[in-house]
1. Roughly what angle does helix 224-237 make with the longest principal axis of the chain, taking Cα atoms, 0 to 90 degrees, to the nearest 10?
2. Going by amide H atoms built from the backbone, whose H comes under 5 Å of the H on Thr36, apart from near neighbours?
3. Assigning unit charges at the beta carbon (Lys, Arg +1; Asp, Glu -1) and nothing else, what dipole magnitude in debye, to the nearest 20, does the chain show about its Cα centre?
4. Averaging sequence separations of C-alpha pairs under 8 Å and six or more residues apart, then dividing by the length of the chain, give the relative contact order as a whole percent.
5. Just want the answer: with Cβ charges of +1 for Lys and Arg and -1 for Asp and Glu, which residue in Gly85, Ala295, Val260 is farthest toward the dipole's positive end in the chain?
6. For a quick check: with amide H placed at 1.01 Å from N, whose amide H comes under 5 Å from Thr297's, ignoring anything fewer than 5 positions away on the same chain?
7. Can you compute the FRET efficiency between Thr191 and Arg380 using 1/(1 + (r/R0)^6), with r the Cβ-Cβ distance and R0 = 30 Å? Round to the nearest 0.05.
8. Go through region 293-307 residue by residue and turn each phi into a ³J(HN,Hα) via Karplus (6.51, -1.76, 1.60, θ = phi - 60°); whole Hz please, and just put x for glycine and proline.
Amino acid sequence: MTDVLATRWPGIAQTPRTPFKARVAKAILRPAVSSTPVRLTFPDGTVWGAGEPGAPEMEVRRPAAFFSRLGHDTKIGFGEAYMAGDWTTGPGTDLADLLTPFAERLTTIVPPSLQRLRGLVDRQLPQHERNTKEGSRSNIERHYDLSNDLFERFLDPTMTYSSAWFASSEESLEQAQYRKLDGILDQAGVTEGTRVLEIGSGWGSLAIRAAQRGAQVVTITISSEQAALAQERFEAAGVADRIELRLQDYRDVTGEFDAVVSCEMIEAVGEEYWPTYFAKIDEVLAPGGRVSIQAITMAHHRYLATRNSYGWIQKYIFPGGLIPSLEAIDENLAAHTHGLAVTDRRSLGQDYAQTLRLWRERFEANWEEIATFGFDETFRRLWEFYLAYCEAGFGVGYIDVFQLRMERPA
C-alpha cells in the first residue's frame, strides 16, 4: 500500500509533521464530539463522543497520523485521513450514516471564537484551476475523463451523472432519472421542432430524451471521453440525425435556440465566469425562449463564507468547482442578462441523497471489476468518501439541488 500511495498519491503517503497543530486539532475535536451522537474509538480502548453503543462508530486506527492530517489542513485532512486508512467505519456502521451527524453540525462543530480565524487557515483556490478555457478543459478531464468503464459500473443504464427525481423510495434509479430528465425538458418547454442547446453533454441522456420528443439538439462538451460514448449512444438510440454534438466551450457557442438546458454544469463554471455563462445563455436564447438549469446550491451565507477557500472536494473530485447560492444566481441574472429571471424552482435535495446512496451501493458491489481498470485501494476509499460525504450533505440540507426555469418578462 505504501508504494502505491507514494507513486499515485504522494500527498497521502507522507503524514504531515505538525505536532503542535496535531495537539490543537485533538484539543478542538474532543469537546466538539462530546455532544455528537457518534463513537470515536481508539486502539487503546478510549472512546469519545456522545453516542451510545450501537451509534455510528468512527474507528481511529492511527491516531497520531489522523490528528497530524487534521491539524495540518482541517478542511482537507479529514478526508485524506480516510483515504490513507488512518480512520475507518466501525463494524456495522455505514459511512454516510457516520458522516451525517458531522454534516448536521458542520457550521458549529468548530467554536465561534475559532471560526473567526478561518482566514488564517483556509487555503486559497489554486490559480492553475481557474476556469479559463484551458483551465476548464484540464479540470473536466481530471474527473469526467477518468474512465467511461468506471462510470458505467455505478451509474444506471441512462448514464446520468446527476440527481434523479424519485416518485417513491421503491422506484428504480433508471425510472427516477427519466423523471428528472423530463422535468428539465418540461420546464424548458421542449417539444417537437424545438431548437435546443444543451450546455454540458454528459453521456448524452438529456440530449437523447429531447431528440425523442422531436427536438433538434445541439449539445456541447469539453470532455473527449464523454463525447465519444455519447455519440455511440445517440446512434444506438436512433436519434443521431437530430443531435449535433460539439467538442466546444460554452463561451464559443453561436446561434439561436428556443430552449437552453444545462444539468449540474454551473458548478464547474466558477464564480469568476458566472457572468459570462449567463450572458451567453441570454445571447443565444430566442425571443420567448426558456431555460432550465439543474444546479447544486448552498445557503447564501455559507457560499459567502466558503467561496474563496479550497476544500477536499475541490482537491480530489471537482477541481475548479464552486457551488452557488440561489441568491448568487439571481444576482448574476439581474446584472448580466436582459431580464432573464427564475420563474420556477423545484428542490431535489433528498432525491440526491437517495441517488448517491444507490451509486455508492453499485460502486461497492462492482469494486472488484472497477479495480481491473487500474484503480487502487486509495481510489476506492476516495470515491466511497466522496459519495458518502455528498449523501450526508444533501441528507441534512447543508447543500441542495434545484431545477430552475428561467424566462424573460413578457
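Read the figures in this text as sums done on the coordinates, not as results from a lab. Please read all numbers here as calculations on a predicted model, not as lab measurements. Note that each Cβ is placed from the backbone with ideal geometry, even for glycine, and that neighbours are counted across all protein chains shown.
1. 50
2. Here the answer is Ala50, since their amide H atoms fall under 5 Å of that of Thr36.
3. Details: 43 positive and 56 negative charges, 328 e Å.
The dipole of the chain has a size of about 1580 debye.
4. Details: 737 pairs, mean separation 69.3, N = 410.
The value is 17 percent.
5. Positive-end residue among those listed: Gly85.
6. Correct list: Asp400, Val401, Phe402.
7. Values: r = 44 Å, r/R0 = 1.46.
The value I calculate is 0.10.
8. Listing the rounded values in order: 10, 9, 9, 6, 9, 9, 4, 4, 5, 6, 4, 5, 6, 10, 4 Hz.
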